[in-house]
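Where a number appears in this text, it was derived from the coordinates with a stated rule and is not lab data. Quick caveat: nothing in here was measured; it's all calculated off a predicted structure. Cβ coordinates were reconstructed from backbone atoms using ideal geometry, including for glycine residues, and neighbour counts include every protein chain displayed.
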Amino acid sequence: MRIGVPKEIKVQEYRVGLTPGSVEELCDDGHQVLIESSAGRGIGFTDDKYRAAGATIVSDAAAVFAAAELIVKVKEPQPVECKMLREGQILFTYLHLAADKPQAEALMRSGCTAIAYETVTDRQGGLPLLAPMSEVAGRMAVQVGAHCLEKEAGGIGKLLGGVPGVAPARVVILGGGIAGTNAALIAIGMQADVTVLEKSVARMRVLSDRFGSALRVVMANPETIRDHVLAADLTIGAVLVPGASTPRLVSREMVRSMRDGSVLVDVAIDQGGCFETSRPTTHSDPTYVDEGVVHYCVTNMPGAVAHTSALALNNATLPFVRALAESGMRALRDDPHLAAGLNVHRGAITHPAVAEALALPLAAFHVAA
């Protein structure tokens, strides 16, 4: 199969769909890999490294989209990229369609088959292609939150871990999944006062067993969310509903009641965000102040550590890329977990949560034997 990797064009996105190591494995399998020139240069993957791995370097994205049967990306296709997609072509990338109806409609118009990393599942009910970026984003959330608490960044001027004789900052994490767990790991390591609010009793037990007395774990409900968020110095939104829009757990009224200079980091902003006052930001202008509270709502947080993120993502995605390259659409018949990633096919929405979030019809999908 001809596999194409265009350069990411979302603002300040330096990750790349395939690393040279992944390209070498695909070429060894007998596939042709087309890489847009300089696609990985921002993180040290030069065109020469890709050539050495067996790739063909092409001059621009148009050439990649025109020739490739399978497009492998990192972030959702931008409008100009959606126009280059065509019927019968497979797109494999993060999509986050529940919060982006225009993109969904553009993909439907293209006639392509769009498979979203974030809804591919595994045998344990997890999201294996979202997990590595959730790990990165969760860890980053504490780093950026600690910086935002500094006075020069607009914060209240608290050191996350405090010092002897001065209490540490209070960190509240909404959601105890992968992002929330990784945020807790770093916040505890920085000696903050950390609370996770979670709805799953089973997940709460896992967190308690892992962190013991270093972490306070509380059942999430409107009362506990309100009480803990209002007392927090740093609140991290790490809630996820696979394929669907994130529930708004913190209202504007609650934000208005928070202390001036406190901080909200919305890891869930790709899916719409879990704070009513959230709006997407970029790495070049990552924060804003609303109701006296500093907001960090960057939609591609892992892009700030693009080298680590690209390698971690490829570790997870490569087996699925190889399956698609080997079998095409039959790979969805052979692997129901990969089939769970299908969001758009031949002009229709095929994922129930996406269809519900966008108020669009849901189409059934079948692969002929």
Potential lengthening between residue 279 and residue 323 on full extension [0.36 nm per residue; Cα-Cα distance subtracted]
12.2 nm
Using a simple spin-label model with points 7 Å from Cα along the Cα→Cβ vector, what separation in nm is obtained for residue 67 and residue 360?
3.0 nm
List the trypsin sites (Lys or Arg not before Pro) within region 118-211 that fall in a DSSP loop (any state other than H, G, I, E or B) and whose Cβ has at most 10 other Cβ atoms within 10 Å.
123
What's the magnitude of the charge dipole for the chain around its Cα centre, counting Lys and Arg as +1 and Asp and Glu as -1 at the beta-carbon? Answer in Debye, nearest 20.
320 debye
Mind running the shape call on region 29-183? Use the C-alpha gyration tensor, a ≥ b ≥ c as the square roots of the eigenvalues: rounded below 1.5 for a/c, prolate if a/b tops b/c, oblate otherwise.
prolate
Computed [θ] at 222 nm, deg cm²/dmol, the chain (DSSP H ≥ 4; -39,500 (n - 2.57); rounded to nearest 500):
-10500 deg cm²/dmol
Could you let me know the centre-to-centre spacing of region 243-314 and region 152-222, using Cα atoms, in angstrom?
17 Å
The orientation-averaged projected area of the Cα convex hull of region 134-299, in nm², is 8.8 nm²
List the trypsin sites (Lys or Arg not before Pro) within region 1-110 that fall in a DSSP loop (any state other than H, G, I, E or B) and whose Cβ has at most 14 other Cβ atoms within 10 Å.
83, 86
Among [x] 68, 47, 46; [y] 63, 44, 37; [z] 72, 51, 39, the entry derived from the coordinates for Cα extents along the principal axes in Å
[y]
Mind checking the dipole of region 134-299: about its Cα centre, +1 per Lys or Arg Cβ, -1 per Asp or Glu Cβ, Debye to the nearest 20?
360 debye
Restricting to bridges with both residues inside the chain, how much of the DSSP beta-bridge set is antiparallel, in percent to the nearest 5?
20 percent
Test item: Cα-centred dipole of region 1-111, Lys/Arg +1 and Asp/Glu -1 on Cβ, debye
300 debye
A chain fully extended from residue 230 to residue 290 at 0.36 nm per residue, minus the present Cα-Cα distance, gains in nm 20.1 nm
Using 0.36 nm per residue of separation minus the Cα-Cα distance, give me the extension gain between residue 52 and residue 123 in nm, one decimal.
22.0 nm
